[in-house]
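Comments concern the structure below.
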Amino acid sequence: MARHGAGTPFLLQLSLLLLLCPGGTLGCASVAVGSPVVPLGSAVTATCTIQSELCHGLEQGKVRISWMLDNKPVAGSQRQGPGGTEVSNLTLPRFNRTQARLWCCVEWNGTKQRVGMAEIRAGYPPAKPLNLSCVLDLSDYGLTCQWEQGADSHLPTTVTLKCAGSRAPAVTGCTPQGGHSRCTVPRPLLQLYREMEIWVSVTNALGTAESEHLCIDPMDVAKLNPPTLQSIQSIPFQTDCVALAWDVAQGTEHMELQCELRYRAPKDPAWSLVSGIVGRAGTAQRCGFLFGTQYHFQMRCRRNSASAYWSEWSPGRNYTTHEKAPTGKLDTWWGARPARAGGWLEVQLRWKAPRWYEANGRVLGYRVTLGPRRRGRDPPTVCNTTHTHCNFSAPAGTRRVYLSVYNAAGESAATEVILLERKGQPLAGLWAVPRDSSSLRVHWEAPPAPVAAYVLEWQRVTTEPGHCSTCWQMERDRAATTALILYGIEPFQQYNISLYPLYKDAVGMPVHTTAYSQQKAPSQAPKLHLRRISKSEAELCWEPLPVEMQNGFITSYTIFWANSIADVASATVNPSLSSFVIRGLKPSTLYKVHVMASTAAGGTNGTSLTLVTTVLDDTEIQFLFLTLGLVFLLLILLLICFQKNERMKEQLWPSVPDPANSSLGKWVPA
């Protein structure tokens, strides 16, 4: 039995090999489909014909035919065909796969065996290529064309670039490789200086599509090599004009060109463009440049044709225009007070550096004098510095000083600084809100009197005093009621902000406010200290947080306390307070206490403080000691009274006779 069981699988395998071997299936089954390539979503028909006498192992018995689409069974109909064949027809109403194998199967020894197969592909007709464009490379005169492919057809597709001359038939110019949508037509297939027709043809089993036909002269779409800037110089001297000389690229000397020049300074947001430069080579002149400023120049050219392509921009060339004495007035701000030594005035003068378009070069320094410059007489100089601030002493009664800036080309006209007194009307209100984490927007209410300008100051609040000499700005818009602070603002830092109105003959008294550009939870919480404790109360105190640790405006302190059985309680304290009394505690109980400091952005817990309430209050302890003292005093008084009163002593301590002195003691023998 064992040998028989072992031989049965072998016979099945042998029969299967005979059925599936080339000699067994050749002519045994055939699968025919209506079309091997169909539109996606359309119907598919197929027929499977089985010739039993050619299928080894199927000569006897009824043949049962079934279908499988890849690995999924599908149902067909079966009938008997001519010549003893078995025929099965299959219709798939919607074929939604881009590629699949349709198998014809027969049942043999209880299993389905695949005896025939047809491969079916589905997709769409090719889509029309879009945006065809071509560029002629003058190095090898090859015409490179590129386009945008349409939607994927899901079918094998042939793409060719066709071209035709005015008197020549259409030929295949090139075929893209590697799935790219670009290729290059070689020079022998091109007709230069003549119009050609170029288009893209896409073909698959379901049809052909063509792009729009492009009619061009290949030379009109030539992309030239960029020109070369040879020299740049200022002409004439002491003007804002420069002249540039350039050469065209090699091989384009015979062409009529159209060129463009662009330039920009490092601080310019965009390029300045000069167009309409026509010629083969030469010079160009342009005015309106700033003095003492470095510019970056580039140039490009194309054939003088509307359809021609621009060359790449030439390698850049830097040029710095010549300097000129600075121009414009400087924004100034000052403070003045009488010196301790009589007869002098201490002045703190600050100013803003000239704008880069007014500096006309590199600023070398600033000069402060007590009078204006006149021919043949230089006023006394009280300050000559490279900084934008200066402290100096001036004779009492000085009301004007003069500030100028100079570079290598000369000195500017002096800015007159009038040291007005600070006695004007202050503003009605001032407040500041964050704009982002590095800037603040300040708002104020305009005063009723006309204002010439405003001076806005801000200082970072620190534990150690400091002063920022550049943290100020002048607002010259008289109607303004808001300003932006964009310099020197950091998140999580407190700033004092002051605003001074400048009137015609005085400086208004300042108004102040404080602000943060961004807040977060404090870096730490205050450390608690126990000031006093009783059986039901505990008074706590703490030091205010340093301003550097606050990270925002402290909105509250929250005190938490809990005993050993986890009875937790809390209380919120006003941020202006630095102490708190916890009431309602249990006598002789251990408590853990901590404080949380909070800002609008969150809170931070401090370390825990352990305390134990007393058994008695101070008054109870005092009463107890007083009671004990009174009792002790009463005892002493009683003792003294007993000592002085003989009758009471006789009652409490009666006199007992000595037996040795009795009469009996005298006659008893020794």
Exercise. What full-extension length gain, to one decimal in nm, is calculated for Q99 and A341 as 0.36 nm per residue of separation minus the Cα-Cα distance?
Worked result: 76.9 nm
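Excluding V200 itself, what net charge comes from residues whose Cβ is under 13 Å from its Cβ, given Lys and Arg +1 and Asp and Glu -1?
Numbers: positive: K128, K162, R182; negative: E148, E197, E210, E212.
With Lys, Arg at +1 and Asp, Glu at -1, the net is -1.
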Seminar exercise, completed: Only helices counted: for the chain, with every DSSP H run of 4 or more residues adding -39500 (n - 2.57) and the sum spread over all residues, [θ] at 222 nm is -3000 deg cm²/dmol
Problem set entry | Positive-end residue of G371, A562, T175, charge dipole of the chain with Cβ unit charges | G371
Problem set entry | Diffusion coefficient, µm² s⁻¹, Stokes-Einstein with Kirkwood Rh over alpha-carbon pairs of segment 29-123 at 25 °C and 0.890 mPa s | 180
Problem set entry | Net +/- balance of residues flanking G508 in space, Cβ distance below 14 Å, scoring K and R +1, D and E -1 | -1
Problem set entry | Identified option (computed volume of the Cα convex hull per residue in Å³; candidates [x] 431; [y] 609; [z] 268) | [y]
Exercise. Could you give the radius of gyration (one decimal) and Dmax (whole number) of the Cα atoms in segment 159-227, in Å?
Worked result: 13.3, 50
For this session: Return the sequence-ordered ³J(HN,Hα) values of segment 68-81 in whole Hz as given by the Karplus equation 6.51 cos²θ - 1.76 cosθ + 1.60 applied to θ = phi - 60°, using x for Gly and Pro.
Result: 9, 9, 6, 10, 9, x, 10, 9, x, 10, 10, 8, 9, x
Problem set entry | Derived scalar couplings ³J(HN,Hα) [segment 361-370; Karplus, 6.51 cos²θ - 1.76 cosθ + 1.60; whole Hz; x for Gly, Pro] | x, 8, 5, 9, x, 10, 10, 10, 10, 8
For this session: With label points built 7 Å along Cα→Cβ from the Cα atoms of L189 and D505, find their separation and express it in nm.
Result: 9.1
Problem set entry | Eligible lysines near K329 by straight Cα distance, threshold 19 Å, same-chain separation 8 or greater | K352, K504
Seminar exercise, completed: Ranked output for segments 86-98, 251-263 by mean other Cβ atoms within 10 Å, highest leading, reads 251-263, 86-98
Exercise. At D567 and I640, where each label point lies 7 Å from the Cα along Cα→Cβ, what is the point-to-point distance in nanometres?
Worked result: 4.9
Exercise. Which lysines have a Cα lying under 16 Å from the Cα of K527, excluding residues fewer than 8 positions away in the same chain?
Worked result: K592
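Below 8 Å, C-alpha to C-alpha, sequence gap of six or more: please give me the relative contact order for the chain in percent. Write out the running numbers ahead of the final one.
On the way: 1493 pairs, mean separation 38.3, N = 670.
With pairs under 8 Å counted, the relative contact order is 6 percent.
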Seminar exercise, completed: Pseudo-spin-label distance V547 to R377, built 7 Å along Cα→Cβ, given in nm, is 4.7
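Calculate, in nm to one decimal, what L633 and E107 gain on full extension: separation in residues at 0.36 nm each, minus their alpha carbon distance. Please report the intermediate quantities before stating the final value.
Working: separation 526, 0.36 × 526 = 189.36 nm, distance 12.52 nm.
The L633-E107 span can extend by a further 176.8 nm.
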Exercise. Which of the lysines could be linked to K586 by a straight reach, that is with a Cα gap under 23 Å, when you skip same-chain ones fewer than 8 residues away?
Worked result: K535
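If L545, L273 are ordered by their accessible area, calculated over protein heavy atoms with a 1.4 Å probe, which sequence runs from highest to lowest?
Details: L545 15, L273 95 Å².
Of L545, L273, the descending order of accessible area is L273, L545.
Using the Cα centre as the reference, give the magnitude of the dipole from point charges on the C-beta atoms of segment 502-559 (Lys, Arg: +1; Asp, Glu: -1; all else neutral), rounded to the nearest 20 debye.
Working: 6 positive and 5 negative charges, 34 e Å.
Roughly 160 debye for segment 502-559.
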For this session: Provide the packing ranking of 579-589, 519-529, i.e. peptides ordered by the mean count of other C-beta atoms within 10 Å per residue, highest first.
Result: 519-529, 579-589
Seminar exercise, completed: Which residues qualify? For Y309, with a placed amide H closer than 5 Å and at least 5 residues away or on another chain, they are A222, R303
Seminar exercise, completed: Once phi for every residue in segment 294-303 is put through the Karplus expression 6.51 cos²θ - 1.76 cosθ + 1.60 (θ = phi - 60°), the whole-Hz ³J(HN,Hα) values, with Gly and Pro written as x, are 7, 10, 10, 10, 9, 9, 8, 9, 8, 4
For this session: Please compute P(r) over all alpha-carbon pairs of segment 322-454, binned at 10 Å starting from zero, and give each bin as a whole-number percent.
Result: 11, 32, 30, 22, 5, 0
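The values are calculated or read from the model by the stated rules, or taken from the named source; none is laboratory data. Treat the numbers as computed from the prediction; the structure is a model and nothing was measured. Every residue, glycine among them, receives a Cβ derived from its backbone with ideal geometry; neighbour counts consider all protein chains shown. Keep in mind that these areas ignore ligands, DNA and RNA; they rest on the heavy atoms of the full protein, side chains included. Shrake-Rupley method; radii C 1.70, N 1.55, O 1.52, S 1.80 Å.
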